[in-house]
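Reading through the structure tokens given below for one structure.
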Amino acid sequence: MSTSAPTPTTSARSASEPAARRAVTVLGLGPMGRALADAFLQAGVRTTVWNRTPGRDRTLIERGAAGARTAEEAVAASDLTVVCVVNYEAATAILRRPAVADALKGRTVLNLTAGTPGDARATADWAADHGVRYLDGAIMTPITTIGTPHGVFLHSGPADLYDAHRPVLDTLGGTHTHLGADIGRAAAHDVALLDLFWTAMTGYAHALAVARAEGITARELAPFAKGIGAILPPIFEQIAADVDDGKHSGASSALTSAASSMAHIVQASEAHGIDSGVIRAAEGLARRAIGRGHGGDGFSRVAELLGRR
């Protein structure tokens, strides 16, 4: 597999192939799986569905989907099978059943199940050993965006395989970005971006707790929190450039200043008995960098510190 960083290719176009000549199978009918199947149906794609728990296909069948009795029957109905289940353990438990693996030979699996890059690479190795064509992917936007221009899909794997199935994928709406041949790149982007999302959400939850302890309602704080969110995009761009260039400029805000600010948050939190573990960890990283002589550098130095092996 290639481990180089390719130039991603993004598409947000309508498919030209007539919908009636396309077919897809969806394995997994949780909320996201149902949204995917519904978007395919809306676009006129012949859609076969299957779920481990019976009954979840009822509404989709009423809308025109074909319900399969077994997973092997489902995958045999289409050249492309889209998998969207709770985790890779569940996905591989389905795909690696001997009857399913036999039915998939010569066909393509697009796994949109969230997992790690290692999960994606292990599944791709299994697929190659069993004559199954394999693409991995990630959905970066909520269920409500599926089938609209606002969905964001990331894909990785062989470019020719991705291009062959793009007409069907495009019917899901939104933007589709192929990140390169390395099968783990979509999952790597997913994990990194979810890291950002969940640490940010934890920070917001902590901020609301501190504000509430000081008599500030969440609704009162929210407009100012949105203001903080609005200043982040250019900061993200600058930190990205600093990390890639190895410059870590602290001209606008040095780590010594950041650590002092975080210490105030810890003090205010603990005065109210609020758990400060997350912000203490952040302060600790800043203090480590300062202790190594980088107090005058910018916060991007923390990424370099974390990346050391």
Subset of the stretch 156-179, residues touching a residue at least 60 places away in the same chain (Cβ under 8 Å) and among the polar types (S, T, N, Q), comes to THR171, THR175, THR177
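Would you say GLY250 is of a type outside the set (A, V, I, L, M, F, W, C) and buried (at least 19 other Cβ atoms within 10 Å of the Cβ)? Steps first, please.
Values: of a type outside the set (A, V, I, L, M, F, W, C): yes; buried (at least 19 other Cβ atoms within 10 Å of the Cβ): yes.
When the stated conditions are applied, GLY250 passes them.
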In the set ALA263, ALA281, ALA259, ALA271, the lone residue that is at pLDDT 95 or above and within 30 Å of the chain's Cα centre (by Cα) is ALA281
When restricted to ARG22, ARG46, ARG63, ARG58, the only residue farther than 20 Å from LEU95 by Cβ and without any contact (Cβ under 8 Å) to a residue 12 or more places away in the chain is ARG58
Filtering the stretch 113-132 down to residues that are over 16 Å from ALA192 (Cα atoms) and either surrounded by 20 or more Cβ atoms within 10 Å (Cβ to Cβ) or out of contact with any Gly (no Cβ under 9 Å at 6 or more places or on another chain) (or both) yields ALA122, THR123, ALA124, ASP125, TRP126, ALA127, ALA128, ASP129, HIS130, VAL132
Q) Out of curiosity, is VAL152 touching a Lys or Arg at 6+ places or on another chain (Cβ under 9 Å) and either under 18 Å from VAL26 (Cα atoms) or hydrophobic (A, V, I, L, M, F, W, C) (or both)? A) no
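Rundown of residues vs (1) under 14 Å from the mean Cα position of the chain (by Cα); (2) of a type in the set (S, T, N, Q), yes/no style:
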{"position": "ASP129", "(1), (2)": "no, no"}
{"position": "GLY157", "(1), (2)": "no, no"}
{"position": "HIS165", "(1), (2)": "no, no"}
{"position": "GLY173", "(1), (2)": "no, no"}
{"position": "THR177", "(1), (2)": "yes, yes"}
{"position": "ASP182", "(1), (2)": "no, no"}
{"position": "ALA188", "(1), (2)": "yes, no"}
Pairing a residue in the stretch 137-148 that is at positive phi and assigned by TED's automatic domain parsing to the domain that holds THR113 with any residue that is hydrophobic (A, V, I, L, M, F, W, C) and not in a helix (DSSP H, G or I), where Cβ atoms lie under 9 Å and the two sit 6 or more apart in sequence or on different chains, gives GLY147/ALA43
LEU306 fails exactly one of (1) loosely packed, with under 12 Cβ neighbours inside 10 Å; (2) at pLDDT below 95; (3) more than 29 Å from ILE139 (Cβ to Cβ), namely (3)
Given the structure, is ASP182 charged (D, E, K, R), more than 15 Å from LEU80 (Cα to Cα) and touching a residue at least 12 places away in the same chain (Cβ under 8 Å)?
-> yes
Selection from the stretch 15-38 of residues modelled with pLDDT of 95 or more, surrounded by 15 or more Cβ atoms within 10 Å (Cβ to Cβ) and in a helix (DSSP H, G or I) yields MET32, GLY33, ARG34, ALA35, LEU36, ALA37, ASP38
Checked pairs for the stretch 103-119, first in a helix (DSSP H, G or I), second of a type in the set (Phe, Trp, Tyr), C-beta under 9 Å and 6 or more apart or across chains, list as ASP119/TYR88
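The values are calculated or read from the model by the stated rules, or taken from the named source; none is laboratory data. Predicted model, so just to flag it, every value in this text is computed and none were measured. Here the Cβ is made from the backbone with ideal geometry for all residues, glycine too, and neighbour counts use every protein chain on show.
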